[in-house]
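Here the structure comes first, spelled out in C-alpha cells, and everything after it is commentary.
Computed from the coordinates by the stated procedures, all read-outs in this text should not be read as laboratory data. Computed from a predicted model, the values in this text were never measured in an experiment. Note: ideal-geometry Cβ built from the backbone for every residue, glycine included; neighbour counts use all protein chains shown.
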Amino acid sequence: MASTSLPSSEMSFRINIPDDKIAFLYRKLSLPAPLDELLKLGRDYGVPLADLQRLLARWRDGYDWKKYEQELNEELPQFKKDIHVDGFGTLGIHYMHKKSTVTGAIPLLFVHGWTGSVIEVRKILPLLTEGSPSFPSFHVVAFSLPGYGFSEAPRKKGFQISQFAETGHKLMLSLGYEEYVTQGGDVGFFITRRSAKVSEGNKARHFDYARLPESMPPYSLQSPWLYFFNPPAHYTSAEKAGLERTERFMRSKAGYFKNQPSQAQTFETNLTDSPVGLLAWIYGKLLNWSDSYSWEDDEVLTWVSIYWFSTPGPAASLKVYNEMVQASSRAPAKTTIPQGWSYFPREVINMPRS
C-alpha cells in the first residue's frame with residue numbers, strides 16, 4: 001500500500017440541513033405527476049401505489065425532518081475528517097465514532113451498503129458498545145462511504161473497491177486504531193472482503209451477507225446443464241431453501257444490479273430531479289430486501305431523506321456503485337485472517353456452507 005500519511009484534523013459534525021434545501025424539497029413534493037397502476041398488481045411491478053401515495057402524503061404534510069435530524073445528532077457522535085486517497089486527492093469523510101467504556105474493547109469498522117447509510121448501525125450500537133461477560137465490546141466507527149450521506153464523492157472515474165477499503169483503513173489509522181476488525185453487508189461485504197488485502201491492520205472480519213460470484217452454485221433455469229450434473233442433493237433443507245430464494249431474487253428482483261451500473265448517469269438524473277422517484281426506488285429495496293420488517297413511515301422517510309439531502313447529491317452514490325460493481329466480481333486473493341458470517345434464513349441471497 002502507498003503512503004499512509006494522514007491529516008490529523010478532526011471536526012465534530014452535526015447534521016444541519018439549511019431551510020432553503022428543505023423548502024426546495026417541499027416545492028418538489030407539491031408537484032408530483034399523477035400516478036396509476038393495474039388492478040390487483042401487488043408488488044409484481046414494484047412499489048404498491050397505495051404505499052407510495054401514503055408515504056408521499058406523509059412526507060409532504062406531517063413529516064418533520066428537523067425532529068429526526070436532532071435525534072440523529074443526539075444519538076450518534078459524528079465527526080468529519082479529511083482523508084487522502086491515493087490517486088483521488090483528499091475527501092471529506094463523515095463518520096460516527098462511539099467508544100465503549102469497557103477496558104480492552106475492540107475497534108470495529110462498520111461498513112454500510114446501498115441503499116444504506118451510517119444509520120444502519122443505529123439500533124445495534126448500544127449492544128456493540130456495552131459491557132457483557134457473554135460477548136465482546138467494541139469501539140465502533142461507521143463511516144459514510146465516499147459519495148454517500150455526508151461524505152464527499154470522488155470526482156473522477158476509477159474509485160473502486162480497493163479505494164473504499166483504503167479510505168476506511170486510513171480513517172481507522174487516523175483515529176489511532178492500528179489494528180481493528182471489520183463488519184460489512186451488501187456493498188460493505190465487498191469492501192470488507194478487500195480490506196484485509198489493503199491493510200495488515202484488519203485482523204478479523206464479519207459479514208451479514210455473503211455473495212460469492214466466483215463460487216455460486218448453478219441455477220436450474222440459468223444453467224440447466226450444470227445443474228443436472230451438480231444437483232444440490234448434498235445440501236441441507238435450509239440450504240436448499242436459501243438457494244431457491246436466491247434464484248428467485250436473481251431472476252425477478254435483481255434487475256437494478258444490471259441496469260444501475262450501465263445507466264448510472266441516466267438514473268442519477270431521474271432520481272436527482274424527483275424526490276418521488278427517489279422514494280419509490282429506495283422504498284422498493286427496503287420493502288423487498290427485509291424480512292417482513294414493519295417499516296414505520298417516518299423511518300422510511302428519514303432513510304430516504306438522508307439520500308435526498310446527501311452532500312454530493314441524491315443519487316451520487318450510483319456513480320461509485322457503478323465503479324464498485326465493475327470491480328466486485330474480481331475476487332481478492334485469499335487471506336488467512338479469521339472471518340465469520342451471520343446466517344439469516346430470509347436474506348435475499350443465501351449461500352450454502354460448502
ask   = Using 0.36 nm per residue, how much length does the chain from His234 to Ala57 gain when fully extended, once their Cα-Cα distance is taken away?
value = 58.7 nm
note = Low-density loop chymotrypsin sites (Phe, Trp or Tyr not before Pro), the range 86-142, at most 15 other Cβ within 10 Å, DSSP non-H/G/I/E/B, are none
task = Hey, could you grab the Kirkwood Rh for the range 47-198? Inverse mean 1/r over distinct alpha carbon pairs, Å, one decimal.
result = 16.8 Å
Stretchable slack from Glu299 to Lys197, in nm (0.36 nm times residue separation minus alpha-carbon distance) = 33.1 nm
Over 22 Å between alpha carbons, listed pairs Lys67/Lys123; Lys80/Lys197; Lys99/Lys285; Lys98/Lys123; Lys28/Lys80 = Lys80/Lys197; Lys99/Lys285; Lys28/Lys80
